Amino acid sequence: MQAASRLASRGSTALLRSARQPSSTFARNGWGAQQFRLNTTASSPQPKKTSKWVILKNVVKYGLVASVGYGAYVMYEHRHPPAQEQLDPSKKTIVVLGSGWASTSFLKAVDTDHYNVVVVSPRNYFLFTPLLPSCTVGTIDVRSLVEPVRFIARHKSREVKVYEAECTEIDPEKKQITITDNSEVKGSASVSQIPYDYLVIGIGAMNQTFGIKGVEQYGCFLKEVWDAQKIRTKLMDCIETAAFPGQSSEEIDRLLHMVVVGGGPTGVEYAAELHDFLVDDLTAWYPELAGKVKITLVEALPNVLPAFSKQLIDYTESTFKEQNITIHTKTMVKEVREKEIVVQRPDGTADTIPYGLLVWATGNTARPLVRNLMAKFPETQTIRRGLAVDDWLRLAGSENIFALGDASATKYAPTAQVAAQQGKYLARIFTQMANRDKLEAEAQMATTEEERSKKERKLAKARDIKPFHYSHQGSLCYIGSDKAIADLPFGPGNLASGGVATYAFWRSAYVSNLFSTRNRTLVITDWLKKTLLGRDISRE
Ligand code: FAD
Ligand code: NAD
């Protein structure tokens, strides 16, 4: 705890678990080197200094022109996709389910010269989930985080069919799926069948409720665009209702009590965003109420963020304490009622906590379609949390179905990083499979022994498909007051860092990982708008 408070008071620091390298040494060396250069320059003859200045000016000038030119080219290319080849009946068809991290990364990388591709997803866009908590308080607009699937599909070399629909049934025997249009607007057809040669399942997971009574009815989840919008509306509704004349002080306290259940990264990031909104905006616009707003985080385990290093857990908990965010650890929610939750305290006693807004973030569970498919492979599909796959992401029990991302059950955590790497890997495998099939056909057609053995050698290489290997790039989490934490792989160990500087890193990491130049421009603009104008407090 002492270390944690030191961390908090400094605002930013880095702790190296293995091979410790004092950061001050880096800093001293850095400054020393810079000073030395400055001194050398100062004692250099005047003309040399001028020529260096001119070079620098030219570099900046041409650099700017080149960046603007490149930006304009990227935008132009994005808005003017070239003509595409038609679907080719002689090629195999891959049906891709979902438009999240796994499926979109697959779609982006799959080579449509080799395959016909069909995408089925109930939402016609990709969502950059890491910044979704920022949308719940209006730091970022949800539209800045989405990328329509057709923007990606239209840039493939061959036409890609995109159907906004839900896959409601998979028939592995007939190799076909049933899709249903569950959107509000329906035409004369709303159910259809699509045959496949290969099926790629990237349908993610749904919110875990553990069957706890009242969660679905009264809680707000934080997974999709509409969840963030619902939270934002409900939050402002609670505040405006608390401002209604004649409200009892007990009711005001309840309405202004925002409770978050689940101390994983989703719950922590939401609580952090809410805190910032309260301090930056609500205090100015609701001076009589802002002081009464309370944020509480309820976590069943002994601490929040169990997947992060101990120093960062302590740092987060002490930062939350400074921010007046109450954390109840070892406290399990047992029931959710309309205006209160029933919890089990660490000593086993039951208690109730009144709330105005309840955000439920207790992780993932398998979707009904996944469970339905598992039931069709009773011998091989025995893991409850998702689809069992081999090291090549092939569904256990099937040759032509693949599963990836949160829909699959692997040794990796259900994260965007894993899902994106799996999608890219699977696309590469498909290219290798296409090459293998082509070589097999060519080897059969070979007329001479020499030609056949040459093809066989190439075939051996094409058949050697490497298993999926995950490369962890680190974990980041925003904890409020312009502070973030980061657990980064560093050599054989781990670099744990927290504070304001880490927040700058968090921002740059997410901006560079955003899907497109369009998303990057929009998110940076949103951040700028928030800094200059503050957040919008309108209820809608
Ligand atoms: P998803 O991204 O959930 O996509 C599933 C897709 O399948 C969706 O398009 C959905 O509409 C579609 N679908 C659903 N049902 C069907 C059906 N029946 N038929 C067809 N399509 C269907 N991970 C990180 O690594 N870093 C982070 O910072 C991070 N932050 C997060 C913040 C939040 C608020 C949340 C909720 C998650 C965060 N994650 C983060 C986790 C990450 O978002 C998930 O691990 C990731 O989205 C999984 O990708 P996926 O493609 O498997 O599933
Ligand atoms: P999670 O599974 O990481 O955490 C859920 C938490 O809820 C757990 O700590 C659990 O103990 C607690 N919980 C469960 N039931 C409870 C109950 N009845 N009462 C009180 N507490 C209860 O879930 P998440 O935060 O939604 O994250 C899901 C996945 O997405 C994880 O893999 C996570 O790493 C990833 N994610 C990552 C980031 C990031 O890297 N910044 C952000 C969000 C999500």
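The values are calculated or read from the model by the stated rules, or taken from the named source; none is laboratory data. Values in this document were obtained by computation on a predicted structure and should not be read as measured data. In this analysis, Cβ positions are derived from the backbone assuming ideal geometry, glycine residues included, and neighbour counts consider all displayed protein chains. When the accessible area is computed, the model is the full protein with side chains, heavy atoms only, and any ligands, DNA or RNA have been set aside. Shrake-Rupley method; radii C 1.70, N 1.55, O 1.52, S 1.80 Å.
One table, with the values for the structure above:
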{"read-out": "DSSP bridge orientation in the stretch 105-201 - percent antiparallel, rounded to nearest 5", "value": "70"}
{"read-out": "Qualifying lysines (Cα of each under 16 Å from Cα of LYS455; at least 8 residues distant if same chain)", "value": "LYS438"}
{"read-out": "Carbon plus sulfur fraction of accessible area for the chain, probe 1.4 Å, in percent", "value": "56"}
{"read-out": "Candidate aspartates and glutamates - alpha carbon under 19 Å from LYS186, same-chain residues fewer than 8 apart omitted", "value": "GLU164, GLU166"}
{"read-out": "Global size of the stretch 205-245 as Cα Rg and Dmax, reported in angstrom", "value": "12.8, 43"}
{"read-out": "Global form of the stretch 359-434, assessed from the alpha-carbon gyration tensor, a/c cut-off 1.5", "value": "oblate"}
{"read-out": "Mean separation of Cα contacts under 8 Å, 6 or more apart, over the residue count of the chain: relative contact order %", "value": "20"}
{"read-out": "Dipole-positive endmost among THR447, TRP360, THR104 within the chain (Cβ charges, Cα centre)", "value": "THR447"}
{"read-out": "Among beta bridges that DSSP assigns inside the stretch 219-347, antiparallel share in %, nearest 5", "value": "30"}
{"read-out": "Ellipticity estimate at 222 nm from DSSP helix runs (n ≥ 4, -39,500 (n - 2.57)) divided over the chain, nearest 500", "value": "-13000 deg cm²/dmol"}
{"read-out": "Listed residue pairs exceeding 26 Å between alpha carbons, taken from LYS292/LYS530; LYS310/LYS339; LYS213/LYS310; LYS376/LYS466; LYS223/LYS411; LYS156/LYS530", "value": "LYS310/LYS339; LYS213/LYS310; LYS376/LYS466; LYS156/LYS530"}
{"read-out": "Given charges at beta-carbon only (K, R positive; D, E negative), |dipole| of the stretch 187-334 in Debye", "value": "480"}
{"read-out": "Rg/Rh (Cα only; Kirkwood hydrodynamic radius) as it applies to the stretch 482-535", "value": "1.09"}
{"read-out": "Average accessible area per residue (Å²) across the stretch 450-540 - probe 1.4 Å, nucleic acids and ligands excluded", "value": "57"}
{"read-out": "The stretch 291-427: projected area of the alpha-carbon convex hull, averaged over directions, in nm²", "value": "11.9"}
{"read-out": "Within straight-line cross-link reach of LYS424, aspartates and glutamates at Cα separation under 20 Å, skipping those fewer than 8 residues along the same chain", "value": "ASP111, ASP113, GLU147, GLU159, ASP197, ASP390, ASP391, GLU399, ASP406, ASP464"}
{"read-out": "Span per principal axis, largest first, for the Cα atoms of the chain (Å)", "value": "86, 79, 46"}
{"read-out": "Stokes-Einstein D (µm²/s) once Rh is taken as the Kirkwood radius of the stretch 38-171 over alpha-carbon pairs, at 10 °C in 1.306 mPa s", "value": "84"}
{"read-out": "Overall dimensions of the stretch 436-540 as given by Cα atoms, namely Rg and Dmax in Å", "value": "25.6, 77"}
{"read-out": "The stretch 305-416, accessible area per residue, ligands and nucleic acids excluded (1.4 Å, Å²)", "value": "48"}
{"read-out": "Whole-Å semi-axes of the stretch 419-485's equivalent ellipsoid (Cα gyration tensor)", "value": "46, 10, 6"}
{"read-out": "Kyte-Doolittle mean at least -1.0 and Cα axial length at least 27 Å: DSSP H helices in the chain", "value": "23-43, 46-79, 416-445"}
{"read-out": "Size of the stretch 260-369 as Cα extents on the principal axes (Å, biggest first)", "value": "43, 39, 36"}
{"read-out": "Hydrodynamic radius (Kirkwood) for the stretch 214-300, which is based on Cα pairs only, to one decimal in Å", "value": "13.7"}
{"read-out": "Among beta bridges that DSSP assigns inside the chain, antiparallel share in %, nearest 5", "value": "55"}
